[in-house]
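Accompanying notes for the structure given below.
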Amino acid sequence: MESSKMFPIGYVSRKTGLSPHVIRAWERRYGAVRPLRSSGNRRLYSREDIVHLVQLQKAVASGHTISSIADLPGTDLASLLQNEQTHGEASVQSWQKEPTDAIAGMHIEGLLQATRKLDVAMFERRLHLASVELPRLSFMADVVTPFFENIGDQWADGAIKIVQEHMASTVTQAFLWDVLRSADPGETAPGMVVATPTGQWCQLGALMISLVGADVGWNIHYFGPNLPPEEIAAATVQKQAKAVALSIVSNVDGLGLIRELKRLIRSLSPGIPVIVGGGGIKTHRNHVEALGIQCCGSLRSFVSYADAMLQKLDA
């Protein structure tokens, strides 16, 4: 029967908007779903599991913590969501809704404490918890990004040592790499090459746009930092990618940046769009956009543009 059909985690991820990492974490940590296993030990989910995960995703996106709602029956979750849609806030029994910014602030403070202590295990636990309790985009836009902005400010003021910043960056980068490796938008999804251009060694921004790009539905090809334009173009051809996204975090020489971008455009096949994001382009945005390149000032704007490109490709 069609109702008894089971689905792999990649399909469930695309249908729910949740990454495979979050689905597995919600399963292990909170028992949100209990998938069956194939003969090859792969997780298999029912249609009811998918519906339940969609309900949980909507509730978390509206501000509830996954720990407070994971064990609610489907009917109670539906009532909770309907009540919020009707009245604008949760008022079902004693469930308490925490604003996303408050949850994010709590995790940022936890990460700062772990950084000050140089406590790698504590830092990893906090990253994992934040990634589970918050939707992917909120985790990176409302926790990871402001956390490193805070770290940068404290380093400039002398309140954070270089070794503390390096610990936080290294652990976060490894964490994001692990999550990215589990992303599976499907073999037929259009490809996007993500990189940082010559002289840009920080990978955090590139890893974050890779992850949210994968969540939107792009097949991400990330090959590391500090890539010359011709190498980026070569990867785009070899992977038959439909777009290129660059992260520029560090301050850059404006003329040098424009030269690099012009070389990239000349090297790419006609019609391949280029998206650039990161704090390093703020003062050069007008010159970059004059080249026909899309500048995204935040992860959320990148997600909107990446989604619009997908819709255009599907049209």
Check Ile209, Ile160 and return the single one that is crowded, with 16+ Cβ neighbours inside 10 Å and assigned by TED's automatic domain parsing to the domain that holds Ala308. Ile209
Residues to consider are Gly40, Gly74, Gly17; find the one that is surrounded by fewer than 19 Cβ atoms within 10 Å (Cβ to Cβ), modelled with pLDDT of 75 or more, small (Gly, Ala, Ser) and under 25 Å from Ala214 (Cα atoms). Gly17
So which of Lys117, Lys97 ends up being at pLDDT 95 or above and either among the basic types (Lys, Arg) or not assigned by TED's automatic domain parsing to the domain that holds Thr170 (or both)? Lys117
The one condition Gly271 fails out of (1) on the phi > 0 side of the Ramachandran plot; (2) without any contact (Cβ under 8 Å) to a residue 24 or more places away in the chain; (3) within 24 Å of the chain's Cα centre (by Cα) is (3)
If we keep only residues of the range 110-151 that are touching a residue at least 24 places away in the same chain (Cβ under 8 Å) and not in a helix (DSSP H, G or I), then the residue surrounded by the fewest Cβ atoms within 10 Å (Cβ to Cβ) is Leu118
Only one of these conditions is not met by Gly63: (1) modelled with pLDDT of 80 or more; (2) assigned to a loop (DSSP other than H, G, I, E, B). Which number is it? (1)
In this structure, is Glu231 on the phi < 0 side of the Ramachandran plot, out of contact with any strand residue (DSSP E or B) (no Cβ under 6 Å at 6 or more places or on another chain) and of a type outside the set (Ser, Thr, Tyr)? yes
Could you tell me whether the range 121-128 includes any residue that is modelled with pLDDT of 95 or more, outside the structural domain of Val54 (by TED's automatic domain parsing) and of a type in the set (Asp, Glu)? yes
Just checking, how many residues over the range 185-219 are farther than 17 Å from Gly278 by Cβ and under 16 Å from the mean Cα position of the chain (by Cα)? 7
Could you please tell me which pairs satisfy a Cβ distance under 8 Å, a separation of 6+ or placement on different chains, a first residue in the range 227-247 that is under 23 Å from Ser298 (Cβ atoms), and a second residue that is exposed (fewer than 15 other Cβ atoms within 10 Å of the Cβ)? Lys242/Leu313
Single residue of the range 251-280 satisfying the filter (of a type in the set (Val, Ile, Thr) and within 17 Å of Leu227 (Cα to Cα)) that is modelled with the lowest pLDDT: Val252
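The values are calculated or read from the model by the stated rules, or taken from the named source; none is laboratory data. Bear in mind the structure is a predicted one, so any value in this text is a computation, not a measurement. Cβ atoms come from the backbone with ideal geometry, glycine included; neighbour counts cover every protein chain shown.
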